[in-house]
Amino acid sequence: MVTGYGKILRKIRIENCEVLGHMAKKLDISISYLSSIENGERNLPKGFTEKVSQVYSLSKKEKRGLDKAEQEYIRETKISLKNVSSI
């Protein structure tokens with residue numbers, strides 16, 4: 001499931017004419033981890049949004065949008081085990 005955060009990352013990547021490998025290298029993470037972030041399958045590394053903002057020189061408006069998407073991402077990627085029974 002692509003998240004709003006993932007869509008923003010892809011947009012940044014496309015606007016900079018980059019493939020996953022280029023962006024991953026700039027952000028110092030693996031290609032698979034970046035792909036998992038884009039698809040909402042992995043948690044964001046600590047300080048990741050700030051790093052994206054700095055590496056890609058995001059405007060204040062873009063940074064606010066990414067911060068908001070990060071908060072939504074965190075809520076979307078949490079898994080509740082509340083109703084899971086142990087077998």
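Here the chain has 53 percent of its accessible surface on carbon and sulfur atoms, given a 1.4 Å probe and all protein chains in place. What do you get for the angle between helix 4-15 and the principal long axis of the chain? Use alpha-carbon atoms, 0 to 90 degrees, nearest ten. With both axes taken from Cα atoms, the answer is about 20 degrees.
About the centre of its Cα atoms, the chain shows a dipole size close to 200 debye [charges on the beta carbon of Lys, Arg (+1) and Asp, Glu (-1) only; nearest 20 debye].
Please give the helix 60-77 orientation as an angle from the longest Cα principal axis of the chain, in degrees from 0 to 90, rounded to the nearest 10. The angle comes out at about 20 degrees. The calculated FRET efficiency for Arg42 paired with Glu15, based on their beta-carbon distance and R0 = 30 Å, is about 0.85. Can you pull the one-decimal nm distance between simple spin-label points at Ser32 and Ser57, each 7 Å off the Cα toward Cβ? Each label point is offset 7 Å from its Cα along the Cβ direction, giving 3.4 nm.
The values are calculated or read from the model by the stated rules, or taken from the named source; none is laboratory data. Worth saying up front: this structure is predicted, and the values here are computed from it rather than measured. As a convention, Cβ positions derive from the backbone with ideal geometry for all residues, glycine included, and neighbour counts pool all protein chains shown. Accessible surface is based on the protein model in full, side chains and every heavy atom, while ligands, DNA and RNA are left aside. Shrake-Rupley method; radii C 1.70, N 1.55, O 1.52, S 1.80 Å.
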